[in-house]
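All remarks here apply to the structure that follows.
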Amino acid sequence: MGVVTTGTTATTAAKAPNASKAPKQDRSRATRQRLLEAAVACLAERGWAGSTVSVVAERAGVSRGAAQHHFPTREDLFTAAVEYVAEERSQALRALPVQGRAAVVAALVDLYTGPLFRAALHLWVAASNEEQLRARVTELEAKVGRETHRIAVELLAADESRPGVRETVQGFLDMARGLGLANLLTDDRARRDRVVAQWGKLLDEVLG
């Protein structure tokens, strides 16, 4: 019995580190996600100047040290936050059931009138004055732009081999960005809905 017990204890001891490692990793992932979500919310509500690491950490319910463990610099935190929400939005768009171009147009416009765009805009303003941040944000926005265009082409069933189709899709996305800018000052939903409905009709005519 003593030998069996010893063997069992040794086996249990060997497994214990792995058993405790998973919950620790889960907590780390949860902390990182809370920080990202808090950073985006702070950017949208307070702008760049009011969104310090300390403010984000407090909103996320973690210490400043824990925040810096995940994101050593302020730039790391906020570029990761915008990228995180951009990917979340992209996943939602990829999962959107195709129910006609009008619904697709409305969903794509939502991309530019939600918290992602508001937070990204504050980051663009900050990046315009900070060289280190500018390079990272420019790279990130190029990536997000390519992904958004690709998703738009897919959801709109647009054939970009036809002359003018690529420019039409990009023009629509530029229009959506303009609606997002207007939405920062006032929520003119009625006017936006009319514009979205008209673009749905135009895309049907152009894309076939």
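The values are calculated or read from the model by the stated rules, or taken from the named source; none is laboratory data. Remember, predicted model here, so these are calculated numbers, not experimental data. Cβ sites come from the backbone with ideal geometry, for glycine too, and all protein chains shown count toward neighbours. Surface areas here come from the heavy atoms of the whole protein model, side chains and all, with no ligands, DNA or RNA. Shrake-Rupley method; radii C 1.70, N 1.55, O 1.52, S 1.80 Å.
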How high is the FRET efficiency from residue 207 to residue 182, r the C-beta distance, R0 30 Å, rounded to 0.05? 0.75
Can you tell me, using C-alpha contacts under 8 Å and at least 6 residues apart, the relative contact order of the chain as a whole percent? 21 percent
Rounding to the nearest 10 and keeping the result within 0 to 90°, find how far the Cα-based axis of helix 131-155 lies from the longest principal axis of the chain. 70 degrees
Using a 1.4 Å probe on the protein heavy atoms only, what accessible surface does residue 108 show? Give it in Å² to the nearest 10. 0 Å²
Row for the stretch 111-207, column shape: gyration tensor on C-alpha, a ≥ b ≥ c, rounded if a/c < 1.5 i.e. under 1.5, prolate if a/b over b/c, else oblate; value oblate
Can you give the angle from 0 to 90° between the axis of helix 165-185 and the longest principal axis of the chain, with both taken from C-alpha atoms, to the nearest 10? 70 degrees
Where the centroid of each part is defined by its Cα atoms, how far is the stretch 141-173 from the stretch 28-70 in Å? 33 Å
How far apart, in nm, are two points set 7 Å out from the Cα along the Cα-to-Cβ line at residue 170 and at residue 96? 2.0 nm
Expressed as a fraction of 2.2 N^0.38 Å, the rule-of-thumb size for a compact globular protein of N residues, what is the C-alpha radius of gyration of the stretch 149-195? 1.35
Efficiency of FRET from Cβ geometry, residue 52 and residue 125, R₀ 22 Å, rounded to 0.05: 0.85
What area, in nm² and to one decimal, does the C-alpha convex hull of the chain cast on average over all directions? 17.4 nm²
Per-pair calculated FRET efficiency, R0 = 30 Å: residue 190 and residue 147 via Cβ, rounded to 0.05: 0.50
Need the full-extension length gain, residue 68 to residue 159, defined as separation in residues times 0.36 nm minus the C-alpha distance. One decimal, nm. 28.2 nm
What does the charge add up to near residue 75, with Lys and Arg as +1, Asp and Glu as -1, over the other residues with Cβ less than 14 Å from its Cβ? -2
